[in-house]
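Engineer: Below are the structure tokens for one structure; questions will follow.
The values are calculated or read from the model by the stated rules, or taken from the named source; none is laboratory data. Since the model is a prediction, treat every value here as computed from it, not as a measurement. Note that we place each Cβ from the backbone using ideal geometry, even for glycine, and neighbour counts take in every protein chain shown.
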Amino acid sequence: MSAFDSSAFDTNAFDSSAYDFDSVAPTTYSCGVYYFPGWSTPGGGPNPSDPWAVIPGNRVPLSLGRYDETQQSVVDQQLLWMKQFGITFVAIDWFMSWSGTTLVPYLNHFIDKYLTSAVSKPKVCIQFANQTNAGGLTSATDHSLYEYWDANYFGNSNYLTIGGKRVVIVNSGPSLRDRYASHAEVKTFLDAADAYVAAQGHGGIYWMDGQADSSSAWIDVSDPAHGWDGVTGSNIYTTTKVSDNSAGPSPTTYSDLDNAVFSGLVGGYRGFCYGWLNDPDIQVFWPPLTAGFDSTPWTSSTTLHGIPTSSEWSNHLTNAKTVLDANASKTQLTFMVEAWNEFGEGSILCPVTVNEGFDRLRTLNLTFSLPTVLAFSIQPVQVSVDSSTAVVRFYASGGEPITYRMVVLADGATAPTATEVLAGTGSGGTGAVFASASLTTTMGTPTDVLATGLSSSTAYDIYVAIDDAASSPLLATKLDITTAAAGGGAIGTVIQIRPRSNRRYPTKV
């Protein structure tokens, strides 16, 4: 993959003085991720009765397994991971249908559990997936839509706002246009929703057109004059021919996906970002990034197998950072990533085997210097135990380097503090059966610690503590182990611990 050429973008095309981003120019990056709420039974995608049935094992999330997102603990864990690695906000796909003229939301369990979650979490906004099962959306019924959002979501203090307005991403502007007779009718809907929400005391709606098209035809109708506040996107499937706006080559590799987003002007084609950044009528543009695309679990005939290597993912992020830095006012230093959990499409940030656990999240965090939270992303678990040794594994997040230490204490011993564990002692400074050296790790790295000198057929309590330069030390949940009998074999433990669907055509349940 060739390096990104920032000279292809005219960074002077936009007058930043014409746009007020909460009255403060952005100085730090904001990362949004899309979330597809189809992983329950029944769920979404081509196999709603059992959405996990066709998902291969290397796409199954660490720790959570084939999860059911109607469970609060499942939602909480994912929100914690997002927060630990610096995700600013999550844009949750929001689907609807109609019973006559009555609005019927579906696959709304994740956002409902988000609202009831008590954990530290990123901000939230709706990504209105209007392209599916929305035939009942007309100028006569559309008021039900924003009235429902206002009554159920916009009053939440964690809802994402810009200039006091509630952010809604529409996937996509062209699909929304298909529901109405004209672009003017779309603008009437957008303006009416904005006015209604403002009248309810929630500031109005900040409308982002979530495009998948880089042609000038759609750029021209996505400006403020047509009711939109800004533009973003999700996965980008083609470049566009500059001469006539016809679709360019479809991508077949991840390098092609990267090129479709960031190519600038190459061989008579322009990448998605080029047109939006260089149109003076577009005041806000959040570049879309892609964590990959391979929908073979759902569509075996797909020709795109774009799962990035570590170096391709890093290069993609670097290309995005170049665009953001060169267009800070217009981009608000904000970008969208497709997606957190499109396990059927291969767009995955959630830690799974296919992307080496937390590696993609760590690279994302470091590239953009996103904030971190000192935490155990996965609490210590037993990997193996024999008659005299034990191996314990954990995953930590935090500012690097992360210092850690492990102690083994007698079963039932008084729990030590994190500071005591980092000093290699039990509670009150008492001696430990075993204390590891004080070592360092990096965020999201599987960290294995070997304890030695244990007695056979004996129960022990194991404690791990971590620390970084910006936080107070943190103690993990106690781990109970029992060693094997003398002469017995090692006791192993499985590390899979329990506690989009097709974005264009998700299945109604």
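Engineer: Please give the strands (runs of 3 or more DSSP E) falling wholly within segment 48-136 in which 3 or more residues are closer than 23 Å to Val373 by Cα and not assigned by TED's automatic domain parsing to the domain that holds Ser471.
Structural biologist: Details: elements: 89-99, 102-106, 123-128.
The qualifying strands (runs of 3 or more DSSP E) are 89-99, 123-128.
Engineer: Further question: Counting just the residues of segment 207-229 that are over 27 Å from the mean Cα position of the chain (by Cα) and not in a loop (DSSP other than H, G, I, E, B), which one comes out surrounded by the most Cβ atoms within 10 Å (Cβ to Cβ)?
Structural biologist: If we take residues in segment 207-229 being over 27 Å from the mean Cα position of the chain (by Cα) and not in a loop (DSSP other than H, G, I, E, B), then His226 is surrounded by the most Cβ atoms within 10 Å (Cβ to Cβ).
Engineer: Right, something else. Return the residue satisfying two criteria in turn: it lies in segment 400-450 and is among the polar types (S, T, N, Q) and in contact with a Pro (Cβ under 6 Å, 6 or more places away or on another chain), and of such residues it is nearest to Thr363 (Cα to Cα). Write out each step before concluding.
Structural biologist: Here is the first cut: in segment 400-450, the ones among the polar types (S, T, N, Q) are 403, 414, 417, 419, 425, 427, 430, 436, 438, 440-442, 445, 447.
Filter again for in contact with a Pro (Cβ under 6 Å, 6 or more places away or on another chain), leaving 419, 427, 440.
Working: Thr419: 29, Ser427: 37, Thr440: 18 Å.
Only one residue tops the list, namely Thr440.
Engineer: Any residue in segment 162-190 that's assigned to a strand (DSSP E or B): show its pairings with residues that are aromatic (Phe, Trp, Tyr) and at pLDDT below 90 at Cβ separation under 8 Å, as long as the two are six or more apart or on different chains.
Structural biologist: Ile162/Phe21
Engineer: Here is a further query. Does Thr440 satisfy being modelled with pLDDT of 95 or more and either surrounded by 19 or more Cβ atoms within 10 Å (Cβ to Cβ) or within 37 Å of the chain's Cα centre (by Cα) (or both)? Explain how you work it out, then say what you get.
Structural biologist: Details: modelled with pLDDT of 95 or more: yes; either surrounded by 19 or more Cβ atoms within 10 Å (Cβ to Cβ) or within 37 Å of the chain's Cα centre (by Cα) (or both): yes.
Criteria met by Thr440.
Engineer: Something else: Of Ala151, Ala192, Ala129, Ala184, which residue is buried (at least 20 other Cβ atoms within 10 Å of the Cβ) and out of contact with any Gly (no Cβ under 8 Å at 6 or more places or on another chain)?
Structural biologist: On the way: Ala151 fails: buried (at least 20 other Cβ atoms within 10 Å of the Cβ); Ala192 fails: buried (at least 20 other Cβ atoms within 10 Å of the Cβ); Ala184 fails: buried (at least 20 other Cβ atoms within 10 Å of the Cβ).
The match here is Ala129.
Engineer: So which of Thr331, Thr353 is under 26 Å from Ala291 (Cα atoms), in the same structural domain as Asp279 (by TED's automatic domain parsing), at pLDDT 95 or above and β-branched (Val, Ile, Thr)? If you could, list the steps in order and put the result at the bottom.
Structural biologist: Numbers: Thr353 fails: at pLDDT 95 or above.
Answer to the selection: Thr331.
Conditions tested, residue by residue: (1) modelled with pLDDT of 95 or more; (2) within 18 Å of Gly32 (Cβ to Cβ).
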{"residue": "Ile126", "(1), (2)": "yes, yes"}
{"residue": "Thr132", "(1), (2)": "no, no"}
{"residue": "Asp142", "(1), (2)": "no, no"}
{"residue": "Ala151", "(1), (2)": "yes, no"}
{"residue": "Lys165", "(1), (2)": "yes, yes"}
{"residue": "Ala198", "(1), (2)": "yes, no"}
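Engineer: Can you list the strands (runs of 3 or more DSSP E) found entirely within segment 395-468 that contain at least 3 residues being farther than 29 Å from Gly86 by Cα? Steps first, answer last, please.
Structural biologist: On the way: elements: 402-410, 439-441, 447-451, 459-467.
In segment 395-468, the matching strands (runs of 3 or more DSSP E) lie at 402-410, 459-467.
Engineer: Turning to a different aspect of this structure: Give segment 264-281 a look and list any residue that's within 16 Å of Ala212 (Cβ to Cβ) and in a loop (DSSP other than H, G, I, E, B), or say none.
Structural biologist: Gly271
Engineer: Residue check, Leu265 against (1) of a type in the set (A, V, I, L, M); (2) surrounded by fewer than 23 Cβ atoms within 10 Å (Cβ to Cβ); (3) in contact with a strand residue (DSSP E or B) (Cβ under 7 Å, 6 or more places away or on another chain), all met but one. Which one?
Structural biologist: Evaluating Leu265 over (1) of a type in the set (A, V, I, L, M); (2) surrounded by fewer than 23 Cβ atoms within 10 Å (Cβ to Cβ); (3) in contact with a strand residue (DSSP E or B) (Cβ under 7 Å, 6 or more places away or on another chain) leaves (3) as the failure.
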